[in-house]
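Before any comments, here is the structure.
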């Protein structure tokens, strides 16, 4: 984590997605913009973090188009989720992206 990141008031957006049948309709952008507005207005957030399963390249690319930067950090899912996983846990590593809010 950079010094700038340590000083910023930050919020985290957990895992989220739009059903594939409803993608490309602006729903994700609407949800994201609403979450950012709430983060700024109610929490005085200066930075947002987004956690995305690293194999979901389309979601990572969407965040990058929204101005996020990939921190290069990977985190694991919580242990209670890992116990329920029926796939290779390495595939469920989560990429951490960040964006400084204006």
Which of (1) surrounded by 11 or more Cβ atoms within 10 Å (Cβ to Cβ); (2) closer than 22 Å to residue 8 by Cβ; (3) modelled with pLDDT under 90 is the odd one out, the single condition residue 102 does not satisfy? (1)
Mind checking which residues of segment 52-68 are touching a strand residue (DSSP E or B) at 6+ places or on another chain (Cβ under 6 Å), under 22 Å from residue 93 (Cβ atoms) and at pLDDT 90 or above? 52, 60, 63, 68
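Sort out which residues of segment 2-17 are surrounded by 10 or more Cβ atoms within 10 Å (Cβ to Cβ) and either over 25 Å from residue 102 (Cβ atoms) or at pLDDT below 85 (or both), and write them in order of number. Break it down stepwise before answering.
First pass over segment 2-17, keeping only residues surrounded by 10 or more Cβ atoms within 10 Å (Cβ to Cβ): 4-5, 7-13, 15-17.
Scanning segment 2-17 gives 4, 5, 7, 8, 15, 16, 17.
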For segment 34-51 the number of residues that are loosely packed, with under 12 Cβ neighbours inside 10 Å and either at pLDDT below 90 or not in a helix (DSSP H, G or I) (or both) is 1
Please go through (1) at pLDDT 90 or above; (2) in contact with a helix residue (DSSP H, G or I) (Cβ under 9 Å, 6 or more places away or on another chain); (3) surrounded by fewer than 13 Cβ atoms within 10 Å (Cβ to Cβ) for residue 76 and return the number of the only condition it doesn't satisfy. (1)
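Restricting attention to segment 18-32, and to residues there that are in a helix (DSSP H, G or I) and surrounded by 12 or more Cβ atoms within 10 Å (Cβ to Cβ), which single residue is nearest to the chain's Cα centre (by Cα)? Walk me through it before giving the result.
Keep residues of segment 18-32 that are in a helix (DSSP H, G or I), which gives 20-22, 27-32.
The next check asks that each one be surrounded by 12 or more Cβ atoms within 10 Å (Cβ to Cβ); those that pass are 27-29, 31-32.
Numbers: 27: 16, 28: 12, 29: 13, 31: 12, 32: 10 Å.
Checked segment 18-32; the qualifying residue nearest to the chain's Cα centre (by Cα) is 32.
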Residue ID - farthest from the chain's Cα centre (by Cα), chosen from residues in segment 41-74 that are closer than 14 Å to residue 102 by Cβ and touching a residue at least 24 places away in the same chain (Cβ under 8 Å): 44
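The values are calculated or read from the model by the stated rules, or taken from the named source; none is laboratory data. Note that this is a predicted model, so its numbers are computed, not measured. Here the Cβ is made from the backbone with ideal geometry for all residues, glycine too, and neighbour counts use every protein chain on show.
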